[in-house]
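Below: one structure, written as structure tokens.
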Amino acid sequence: MGEAQHLTTSEPQQVLALTEALPHSEERARAFAQLAFAETFVGSDRAAAHAESAVRLAEQVGTAPALVWAYGARAQSRWGSDLGVRDAQRAFAVGSEVDDIQLFGWSALFLGNSLEAAGRYVEAADMAASAYLTLRDAGAFDDAAFAGSITTRWNLALGRWDEARPMVRQTLTFARSDNCAAQSRCAAALLCALEGRRAAAFMHLRRAEELTPNVPPVGNPLIPTQIQVDLAVDDPMGALETIAQHMAEVVRISRVDADEWLVHASQAAAQLADRPADSPERQKAVRLLDVIEATRGDDPPPFAPVNRLDVVHPAFAALHAAQRAECTGVGAALDELWEAACTATEAAGLRYDHARARYSLARHLLTRGHDRTRAAAALSEAHAVATDLGAAPLVDRIDSLAAQAHIALLPRDTAAPTSSGRSVVLPASPPLTRRETEVLDGLLAGLTYTQIAARLFISDKTVSSHVSTILRKTGVANRIELAERARRGRSAGADLRGTAAGSEGGPRMWVGWDPQDRGGVGRHLGPQETTMFQHHHDPRSPRLMRGLAVTTSAALVALTLGPGPAAARQDPGPAAATVGHTGTCSLQRVGTQYVRCDDNTGNGVPAPGWIPER
């Protein structure tokens, strides 16, 4: 499973040629099956025929490897259908009965893919979680990392973030091969981004890029993760451009995947809906969305449910309709579209998307001056779900909207992670004056005009005048849109290296592991702790500037480890070895990577390459 990305059509074709003299052999059945499997991921129209040949031969031979691969390959060629799920279930039944843990892993992969394509995320996540435990307990750690990473993505979609967090920590440790390590990094990057840990997300994503460069958009999670991370960190234009670049290839390989990408595209476009309709960004977003939709086409129709068990694709359809209308302004009443999206995502169990939809409904109602009671109910529900998940950026947006609308929400769980506290970067032309900035601070804090006036010892009328000037300079229509723009500015103020604009004492990095950190994926080190030693920019990924940091005390401990080469030698062994301690954080080596791990969680990030071995 760890080398799945290296499965090409050339090798199975060679095996097929070599087995012509053995027309009824297991080897020939597997060659047909593996050729069909590879052809599925390159969009070949010959995959289905080769899969049928594999099944015929496998049923004649009757061996478990031949049957698992044949049924599994035919299942992949029938993505998004009941027939595909039935074939995958046959493969899994055979794989579960034999004493071959790697074959079992492949059968679980086939079934998980088929259930996902059929819109049955809950079943896919439950089966994959069980397979992960089986693989882990059998000592098949690389295969376990692969299965756990896939399970994590489904758990994140379903709102099972408390299950995803420990699984991410384990898969980062288990992965041996480059492919499985990259899978684990992508899962960690997505979790970090959704929780508001930008620098940690980019670090994991950069490592995945290094491990698996030049990957296809389907069959490998790297490019889909880049898109989702862009959406989570408020880079919607980056997401749209990536989708537009790869959409034709995705459509050629898998219409099912193309539909999910279409939802991401409309989400990105909707995130730009607060821009003026005639702004270059908004116009470009609409133009790119039109291109992406045209590339997807209508044959077969997007988001068509597989059967009555498919609740995910109807939810995708409802989300896409609301998000598209949000950006383009074309369609039925937007409140009805968002209400439909709320209902569909709740039915599908997509908790994070449900919270997003509830927030968007409330924002639309409040911006248009519609039913305030209905908006408050939607906002409260969104807040409860987002807080329970630990989705800090979404909680920040909800809190900001509630403050502007003077809606009282339930107190936020103090244990929930937060990304607030960063300085605001709000473009204005001409720049805001000091007094206008003070008024803006009051607005963003949710104060009324009278409260701002009392704080600044000015009249209500003067506050109103300042607000009008701020709206004009920033180009927004009302204080709700102003708060949204300020939130985006605050997010952009923390640059891709993790540096908060205006922070005192130098840069701050999301590095290290804190026992109090819910996610176990990074805490904010203060300037007195952090020594920056590397910043670089990858020309292939202009949005992904990365930085690594270690505490001064950890560096001092590392330098006492004895003589060694200037850079750490490559260590082929996967076992973790503790080579130094500082407080509750140990310096360990896992495979070829040095990591700084919290002793309570076992999780960590790469340490600098110059730390020597003993």
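Among the residues making up segment 44-56, those that are of a type outside the set (D, E, K, R) and either over 15 Å from Thr19 (Cβ atoms) or in contact with a His (Cβ under 7 Å, 6 or more places away or on another chain) (or both) are Ser44, Ala47, Ala48, Ala49, Ala51, Val55. Within segment 322-351, residues that are touching a residue at least 40 places away in the same chain (Cβ under 8 Å) have Cβ atoms under 6 Å from residues that are among the polar types (S, T, N, Q) and in a helix (DSSP H, G or I) in these pairs: Gln323/Ser266; Gln323/Gln267; Arg324/Ser266, counting only partners at least 6 apart in sequence or on another chain. Across segment 252-309, the qualifying residues are those that are touching a Cys at 6+ places or on another chain (Cβ under 8 Å) and part of a helix (DSSP H, G or I), and the one among them that is farthest from Ser81 (Cα to Cα) is Arg282. Report, by residue number, each residue of segment 320-350 that is among the hydroxyl-bearing types (Ser, Thr, Tyr) and open to solvent by 20 Å² or more (accessible area, probe 1.4 Å). Passing the criteria: Thr328, Thr343.
Could you list, in sequence order, the residues of segment 93-128 that are in a helix (DSSP H, G or I) and more than 19 Å from Arg153 (Cβ to Cβ)? Selection gives Ala93, Val94, Gly95, Ser96, Glu97, Ile101, Gln102, Leu103, Phe104, Ser107.
Would you check which residues across segment 50-64 are part of a helix (DSSP H, G or I), open to solvent by 10 Å² or more (accessible area, probe 1.4 Å) and in contact with a helix residue (DSSP H, G or I) (Cβ under 6 Å, 6 or more places away or on another chain) and list them?
From segment 50-64, those part of a helix (DSSP H, G or I) are 50-61, 64; that's our starting set.
Next cut, open to solvent by 10 Å² or more (accessible area, probe 1.4 Å) only: 50, 52-53, 56-57, 59-61, 64.
Selection gives His50, Ser53, Leu57, Val61, Ala64.
Restricted to segment 129-138, and to residues there that are of a type in the set (A, V, I, L, M, F, W, C) and in a helix (DSSP H, G or I), the residue that is surrounded by the fewest Cβ atoms within 10 Å (Cβ to Cβ) is Leu133. Go through the residues of segment 162-176 one by one and say whether even a single one is over 19 Å from the mean Cα position of the chain (by Cα) and in a helix (DSSP H, G or I). Yes, segment 162-176 contains at least one residue that is over 19 Å from the mean Cα position of the chain (by Cα) and in a helix (DSSP H, G or I).
Would you mind finding the one in Ser10, Ser81 that is on the phi < 0 side of the Ramachandran plot and either open to solvent by less than 50 Å² (accessible area, probe 1.4 Å) or in contact with a strand residue (DSSP E or B) (Cβ under 9 Å, 6 or more places away or on another chain) (or both)? Result: Ser81 is the single residue among Ser10, Ser81 that is on the phi < 0 side of the Ramachandran plot and either open to solvent by less than 50 Å² (accessible area, probe 1.4 Å) or in contact with a strand residue (DSSP E or B) (Cβ under 9 Å, 6 or more places away or on another chain) (or both). Residue pairs whose Cβ atoms lie under 7 Å apart, separated by 6 or more positions or on different chains, with the first residue in segment 24-51 and touching a residue at least 24 places away in the same chain (Cβ under 8 Å) and the second basic (Lys, Arg) and assigned to a loop (DSSP other than H, G, I, E, B), are Glu39/Arg46. Residues in segment 443-469 that are over 34 Å from the mean Cα position of the chain (by Cα) and either of a type in the set (Gly, Ala, Ser) or closer than 19 Å to Ala277 by Cα (or both): Ala453, Ala454, Ser459, Ser464, Ser465, Ser468.
Of the candidates Ala378, Ala333, Ala348, the single residue that is under 30 Å from Tyr449 (Cβ atoms) and among the small types (Gly, Ala, Ser) is Ala378.
Applying the criterion of being of a type outside the set (A, V, I, L, M), at pLDDT 80 or above and over 15 Å from Pro431 (Cβ atoms) to the residues of segment 460-494, the residue that is most open to solvent (accessible area, probe 1.4 Å) is Lys461. In this structure, Gly72 does not qualify as among the small types (Gly, Ala, Ser), surrounded by 15 or more Cβ atoms within 10 Å (Cβ to Cβ) and in contact (Cβ under 8 Å) with a residue 60 or more places away in the chain.
Scoring Ala36 on the criteria (1) at pLDDT below 85; (2) open to solvent by less than 20 Å² (accessible area, probe 1.4 Å); (3) outside any loop (DSSP other than H, G, I, E, B) leaves a single failure, condition (1).
The values are calculated or read from the model by the stated rules, or taken from the named source; none is laboratory data. Everything quoted here is computed from the prediction, not taken from an experiment. As a convention, Cβ positions derive from the backbone with ideal geometry for all residues, glycine included, and neighbour counts pool all protein chains shown. We work out accessible area using only protein heavy atoms, side chains counted, and drop any ligands, DNA or RNA first. Shrake-Rupley method; radii C 1.70, N 1.55, O 1.52, S 1.80 Å.
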